[in-house]
Amino acid sequence: QVQLVESGGGLVQAGGSLRLSCAASGRTFSFYIMGWFRQAPGKEREFVAAVRWSGSTTYYADSVKGRFTISRDNAKNTVYLQMNSLKPEDTAVYYCAARTGGSVYDTSSYAYWGQGTQVTVSS
């Protein structure tokens, strides 16, 4: 079992930055691929980024590539999402998730989810 708690969301102006954190409990944290997803009102939950257990391999949605950076610290059981050059269309609830199998891009591949943290980008 893995329990995930996100933090770091908030209100920011367009062009600004935020850093999301996801604290995980569970002794097997380092064996999971960790991902970030987001869900805007009226839209489906979508993939944002993912990182392998070593931290050396990362995956990004085209919409955030070059602006967002995912990283992890297995010693601290924490995964991060650094978000720069934020745009109003980045406004959403952001979820941290632990993958248990399947494509890193699919929500169905992730068995464990946090409660989400709201990110609002004003224009």
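Points worth noting:
- Whenever a residue of the range 1-24 is farther than 17 Å from residue 67 by Cα and modelled with pLDDT under 95, its partners that are polar (S, T, N, Q) and part of a loop (DSSP other than H, G, I, E, B), lying with C-beta atoms within less than 6 angstrom and at least six residues away or across chains, give the pairs 24/77.
- Here the range 25-45 is the region considered, the condition is being of a type outside the set (A, V, I, L, M, F, W, C) and touching a strand residue (DSSP E or B) at 6+ places or on another chain (Cβ under 6 Å), and the residue that is modelled with the lowest pLDDT is 32.
- Qualifying position, being open to solvent by 40 Å² or more (accessible area, probe 1.4 Å) and under 25 Å from residue 123 (Cβ atoms), among 6, 46: 46
- Yes/no for residue 60 being under 13 Å from the mean Cα position of the chain (by Cα), farther than 22 Å from residue 7 by Cβ and open to solvent by 20 Å² or more (accessible area, probe 1.4 Å): no
- Qualifying residues in the range 75-102 (those that are open to solvent by less than 50 Å² (accessible area, probe 1.4 Å) and more than 22 Å from residue 16 (Cα to Cα)) - the one modelled with the lowest pLDDT: 101
The values are calculated or read from the model by the stated rules, or taken from the named source; none is laboratory data. Since the model is a prediction, treat every value here as computed from it, not as a measurement. Heads up, the Cβs are rebuilt from the backbone with ideal geometry, glycines too, and the neighbour counts pull from every protein chain shown. The protein model used for the area step is the full one, side chains on, heavy atoms only, and it has no ligands, DNA or RNA in it. Shrake-Rupley method; radii C 1.70, N 1.55, O 1.52, S 1.80 Å.
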